[in-house]
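For reference, the structure is listed below as C-alpha cells.
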Amino acid sequence: MPNSPLILSGKIVSSAVKEDLTKRIAALKQQGIKPGLTAVLVGEDPASQVYVRSKERQSEKLGLNSQVMRLSEETAEDELLAIIEKLNEEKAVHGILVQLPLPRHIDAQRVIEAIDPEKDVDGFHPVSVGKLVLGLDGFVSCTPAGILEILRYYNIETEGKHVVVVGRSNIVGKPMANLMIQKRPSGNATVTLVHTRTPDMGFHTRQADILIAAAGAPEFIGAEMVKEGAVVIDVGINRVDDASRERGYRLVGDVDFDAIKDRVSAITPVPGGVGPMTIAMLLSNTVKSAENSLE
Ligand code: GUN
C-alpha cells in the first residue's frame, strides 16, 4: 500500500506565525508604535495587483498601518527614486516594499538599492543579502524565511541532511541555499544548488533528503527526480490552462504532486503550502523593523 505523505500546511504555519505577531504588535502598541508597511506598485501587472491587494488585506487584518502607493506604468525611474527617498525618511513607515517586476524602463536593482536597508522588509537590498551570507541578523527574503518556518514547525531536521535547491533566483534559490548552510540548528545542511545549466539535474535531485523546487516551471519535478522518503518543498505557483475550471486555469507547483506523493515522506501542497508563508514573513519582517526602531 502506498504511504500517505505528511502534508506540510503553510496555512497552519502562517496562522501560528501571525498569532505570535499579534502579541508582538500588542506589545509595540503599549510603546506607542504601530508597525507601518508601504507597498509601491508600478503599472498594471495582474499578478502583482493580486499580490499587493493580499498583502494590504492581511496587514490591515493584523493591525498594521498598511499603505499602497499605486503608480502609473509611465512613472519615471527618478520619480520612483524620489518617492522611496521620502518613505525612507518617514518615521511611521517601518517597511518599504516595491513590488516586482517593475516596468522595463526602470532599473529594478537601482530601486532596490535606494531603499533604506533598515526598512528592507523584502530582504532584497545588497546589505540584507550580505548579512544573510555572513550569518548576521538582518532581513531575510520572505519565501526562503517562510520555508525555514515550515521546516521548524514540523520538526524537520536539516542538520547533516543533503538539501538540493532547484533554481538560482535572487529571491528564492540563492537565499535558500545560504540559509541552509548557516552554522545553526535550522541550517547545518549540505547544499547542492542546481539550475538551468546543470547537466543531468535528476542525478542531483535524486540525492536530496530535502528537495526545494523553485524553478518556475510547472510540474517539472516528476517521480524519477525524487528519492524515496524525501521531504519536498514546492515553491512554484504556475497557472496552467484548464477549460474545466470556471476561471480557465488552475494553479500547479513546480512539482508533479500526484506523481510523487506516494514516494515522499512530506510535501507542501500548491496552493496552501509555501504561498501563505511569504506574506506572513513579510509581516514578520515589518514587525521586526518596528521593534528595531525602539532600540
Ligand atoms: N514579486 C514576486 N515576489 C515578490 C516578492 O516577494 N516581493 C516583491 N517586492 N515583489 C515580488
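The values are calculated or read from the model by the stated rules, or taken from the named source; none is laboratory data. As the structure is a prediction and not an experimental result, all values here were calculated from the model. Every residue, glycine as well, gets a Cβ built from its backbone with ideal geometry; the counts of neighbours run over all protein chains shown. Quick note on the areas: whole protein, heavy atoms, side chains included, nothing else; ligands and nucleic acids left out. Shrake-Rupley method; radii C 1.70, N 1.55, O 1.52, S 1.80 Å.
Counting only helical runs of four or more DSSP H residues, what would the 222 nm mean residue ellipticity of the chain come to if each run contributes -39,500 (n - 2.57) and the total is spread over all its residues? Before the final figure, lay out each step's value.
On the way: 10 runs with 114 residues, N = 295.
Helix contribution divided over all residues of the chain: -12000 deg cm²/dmol.
Taking all protein chains as they are arranged and a probe of 1.4 Å, the heavy atoms of Met201 leave approximately 30 Å² accessible to solvent.
In the range 123-200, what percent of the accessible surface is made up of carbon and sulfur (1.4 Å probe, ligands and nucleic acids excluded)? Spell out each step's value before the answer.
On the way: 2030 of 3730 Å².
Heavy-atom surface of the range 123-200 belonging to carbon and sulfur, 1.4 Å probe: 54 percent.
Neighbours of Val252 by Cβ distance under 13 Å: Lys/Arg scored +1, Asp/Glu scored -1, total -4.
Counting Lys +1, Arg +1, Asp -1, Glu -1, what net charge surrounds Asp209 among other residues with beta carbon under 15 Å of its beta carbon? Numbers along the way, then the final one.
Numbers: positive: Lys161, Arg206, Lys227, Arg263; negative: Glu157, Glu159, Glu228.
Here the count lands on +1.
Here the relative contact order of the chain, from alpha carbon pairs under 8 Å that lie six or more residues apart, stands at 22 percent.
Set the bar at 20 Å for Cα to Cα. Now go through Lys23/Lys86; Lys18/Lys261; Lys55/Lys288; Lys29/Lys61 and name every pair that lies beyond it. Correct reply: Lys23/Lys86; Lys18/Lys261. A viscosity of 0.692 mPa s and a temperature of 37 °C, combined with the Kirkwood radius over C-alpha pairs in the Stokes-Einstein formula, give the chain a diffusion coefficient of 165 µm²/s. Of all beta bridges that DSSP places with both ends in the range 198-281, some 35 percent have antiparallel geometry. Phi angles across the range 191-198 convert, under the Karplus curve 6.51 cos²θ - 1.76 cosθ + 1.60 with θ = phi - 60°, into 3J(HN,Hα) values of 10, 10, 10, 10, 8, 4, 9, 8 Hz, Gly and Pro given as x.
Of all beta bridges that DSSP places with both ends in the chain, some 10 percent have antiparallel geometry.
Between Ile221 and Val255, Asp256, the built amide H atoms are under 5 Å apart, and every one of these is 5 or more places off in sequence or on another chain.
Who wins for biggest fluctuation among Leu102, Leu282, Leu179 in a Gaussian network model of the chain, springs between alpha carbons below 10 Å? In this elastic network of the chain, the residue with the biggest mean-square fluctuation among Leu102, Leu282, Leu179 is Leu102. Excluding Leu193 itself, calculate the net charge of residues whose Cβ lies under 11 Å from the Cβ of Leu193, where each Lys or Arg counts +1 and each Asp or Glu counts -1. In short, +2. Partners of Lys183 within straight-line reach, counting lysines whose Cα lies under 19 Å from its Cα and excluding those fewer than 8 residues away in the same chain: Lys131, Lys161, Lys174.
Considering only protein heavy atoms and a 1.4 Å probe, what is the carbon-and-sulfur percentage of the accessible area of the range 1-97? Could the numbers behind the result be given before it?
Values: 2870 of 5580 Å².
About 51 percent, which is the carbon plus sulfur part of the accessible surface.
Computed over the Cα atoms of the range 172-295, the ratio of the radius of gyration to the Kirkwood radius (Rg/Rh) comes to 1.03.
Per residue, how large is the accessible surface of the chain? Use a 1.4 angstrom probe and give square angstrom. Please list the in-between numbers first.
Details: 14560 Å² over 295 residues.
Dividing the accessible area of the chain by its residue count gives 49 Å².
The solvent-accessible area of Tyr249, taken with every protein chain present and a 1.4 Å probe, is close to 50 Å².
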